[in-house]
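Structure, as structure tokens:
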Amino acid sequence: MSDKCTILEDLCTPLQTVKTHLNNIQHNKILRSKISSFCKVEKCIVGIDEAGRGPVLGPMVYGICFCLKKEESILKKLGCADSKSLTEDKREDIFKKICFQNDFLGWAVDVISPNQISNCMLRRQVYYIYSAIGLIQLLQKNEVNVSEVYIDTVGPPEKYEEKLSKIFPDIIIKVSKKADSLFPVVSAASICAKVIRDLALKNWNFLESIKINEENGWGSGYPNDPQTKTFLKENIDPIFGFPQIVRFSWSTAQNILKDNAVPVYWSDDDNEDSDDTNTSITSFFKQSDVLSKHPFFIERNLTPAQFL
């Protein structure tokens, strides 16, 4: 998670304000709303969810929404529900309302770049756990009085919940599958994450000077979408690979690279099959089955006592 956080003070026009900070997602970004003084004094509930876990294109966004516990009912009145069940226009409308209710509502997002996602996968790092931890710590750092946290997960909730409870022993942690349909505060976090991911994709700035056909675009961005596969095949450089919007560690991208890019041979590959005449330094530390006598004992015809 990035150490830098951009605070969006003026959210009179939320979508336009957020959009100006999403022109370049080659690196991770943290964005958050203002934090009301009420949220620093009174108990707050927190929801965490992500958008964009599965696509081969674009960033993944972890969203967090916090709300005064006594004002929790406002979330249902705003229409907060699982973001996947809402239209794009409806999500944007609810996001605006969340921003306008700044006295007792707030949000933050961790926008994880495609490049970071791929690098973490290659290193077998579980980036989403650290993102959730970082967002909670961000609220604590800014003195939000967090009392309860509800998190949506696709993995084993018990293990995840135990880990977070140890890190935040003073907070009630509840990790659930389908939490975005069970807890309105998680639904709100899901909406914030989805709206900001969609804005990031719409306003993606291609450093590779790629021009997108507005009629076809890149489809849904999911690996099995034929339109997305076409985009990948049409925008691959045979030497440098894909533009930075692509998560190159996804199998769909790797297969297209294999079929359409120039093969790369590493010098280490050639050495694997060759006869290595150099003695490995570790060979000097291997234990020998037969212990040879030291010349001192041989010259004096000395024999170990147990052999006499």
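The values are calculated or read from the model by the stated rules, or taken from the named source; none is laboratory data. Every value quoted in this text rests on a predicted model; they were computed, and no experiment measured them. Here Cβ is always computed from backbone atoms with ideal geometry, including for glycine, and neighbour counts include all displayed protein chains. All accessible areas refer to the heavy atoms of the entire protein, side chains included, with ligands and DNA or RNA removed. Shrake-Rupley method; radii C 1.70, N 1.55, O 1.52, S 1.80 Å.
How many of the residues in segment 195-235 are part of a loop (DSSP other than H, G, I, E, B) and hydrophobic (A, V, I, L, M, F, W, C)? Here the count works out to 6. Apart from one condition, Ile112 fits all of (1) within 30 Å of Ile245 (Cβ to Cβ); (2) among the β-branched types (Val, Ile, Thr); (3) over 13 Å from the mean Cα position of the chain (by Cα); the exception is (3).
Scan segment 167-183 for residues that are over 14 Å from Gln137 (Cβ atoms) and surrounded by 14 or more Cβ atoms within 10 Å (Cβ to Cβ) and jot them down. Passing the criteria: Lys174, Val175, Ser176, Ala179, Asp180, Ser181, Leu182, Phe183. In the condition set (1) farther than 30 Å from Gln244 by Cβ; (2) open to solvent by 40 Å² or more (accessible area, probe 1.4 Å), Leu164 is compliant with all but (2). Restricting attention to segment 40-52 and to residues that are under 27 Å from the mean Cα position of the chain (by Cα) and of a type in the set (A, V, I, L, M, F, W, C), the residue that is nearest to Pro223 (Cα to Cα) turns out to be Ala51. Only one of the numbered conditions (1) among the hydrophobic types (A, V, I, L, M, F, W, C); (2) out of contact with any Ser or Thr (no Cβ under 7 Å at 6 or more places or on another chain); (3) in contact (Cβ under 8 Å) with a residue 24 or more places away in the chain is not met by Ile212, and that is (3).
Applying the criterion of being part of a helix (DSSP H, G or I) and under 23 Å from Cys120 (Cα atoms) to the residues of segment 236-264, the residue that is farthest from the chain's Cα centre (by Cα) is Lys258.
Put simply, of Asp268, Asp273, Asp259 the only residue that is open to solvent by 60 Å² or more (accessible area, probe 1.4 Å) and at pLDDT below 55 is Asp273.
Residues of segment 145-158 that are free of Cβ contacts under 8 Å to residues at least 60 places away in the same chain and surrounded by 12 or more Cβ atoms within 10 Å (Cβ to Cβ): Thr153, Gly155, Pro157.
To keep it simple, each residue is scored yes or no on (1) under 19 Å from the mean Cα position of the chain (by Cα); (2) modelled with pLDDT under 95; (3) open to solvent by less than 50 Å² (accessible area, probe 1.4 Å).
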| position | (1), (2), (3) |
| --- | --- |
| Val185 | no, no, yes |
| Leu201 | yes, yes, yes |
| Phe206 | no, yes, yes |
| Asn213 | no, yes, no |
| Asn216 | no, yes, no |
